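The structure appears right after this line, and notes come after that.
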Amino acid sequence: MTDRPARVLVVEDNEMNMQLVEYLLEEGGYQIVKAASGEDALSIARGGEPVDLILMDIHLPGIDGLSVIREMKADPQTGSIPILALTAHAMRGDKDRFLEAGCDGYISKPIDVKTFLTSIRSYLRG
């Protein structure tokens, strides 16, 4: 990786959640790219400067997060980018659904501000 800060694409349609994630990532020294829909996420991930990690809300307007994840993981251009589901759905069976769709892991909402950056760092290191 170069000397630039890691770029994290945050896909979140709830403004309050977006602000919290943005604040935490900025405090951690990351560069943030924001998308409020699955369509925007696909466009950003496929064009322009590459991203190093994607935080994907599952419930989005238009294309839902799991569909976006499946599409990204099937695309050679975006398939190797680690994707974490960012979701309030952490019930039995949900983790398996996320992993089957191609997620590399997930972070539950409400976000635990004490462990959030540690989780992000672990996925960026691989």
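A few comments on the model shown:
- If you go through segment 87-103 and keep only what is within 17 Å of Val21 (Cβ to Cβ) and modelled with pLDDT of 90 or more, you end up with just Cys103.
- The condition of being in a helix (DSSP H, G or I) and either surrounded by fewer than 13 Cβ atoms within 10 Å (Cβ to Cβ) or touching a residue at least 24 places away in the same chain (Cβ under 8 Å) (or both) does not hold for Leu99.
- Every pair of residues 6+ apart whose Cβ atoms lie under 9 Å, when the first sits in segment 4-17 and is touching a residue at least 24 places away in the same chain (Cβ under 8 Å) and closer than 12 Å to Leu84 by Cβ while the second is part of a strand (DSSP E or B) and of a type in the set (Ser, Thr, Tyr): none
- Scan of segment 104-121 for residues that are over 17 Å from Met18 (Cβ atoms) and aromatic (Phe, Trp, Tyr), ordered by number: Tyr106
- Selected residue (criterion: surrounded by the most Cβ atoms within 10 Å (Cβ to Cβ)) from residues of segment 43-86 that are among the charged types (D, E, K, R) and part of a helix (DSSP H, G or I): Glu71
- Filtered residue count, segment 18-42, keeping only those that are touching a strand residue (DSSP E or B) at 6+ places or on another chain (Cβ under 8 Å) and either assigned to a helix (DSSP H, G or I) or among the hydrophobic types (A, V, I, L, M, F, W, C) (or both): 12
The values are calculated or read from the model by the stated rules, or taken from the named source; none is laboratory data. Remember, it's a predicted structure, so these values are computed and weren't measured experimentally. Backbone-built Cβ (ideal geometry, glycine too); neighbour counts: all protein chains shown.
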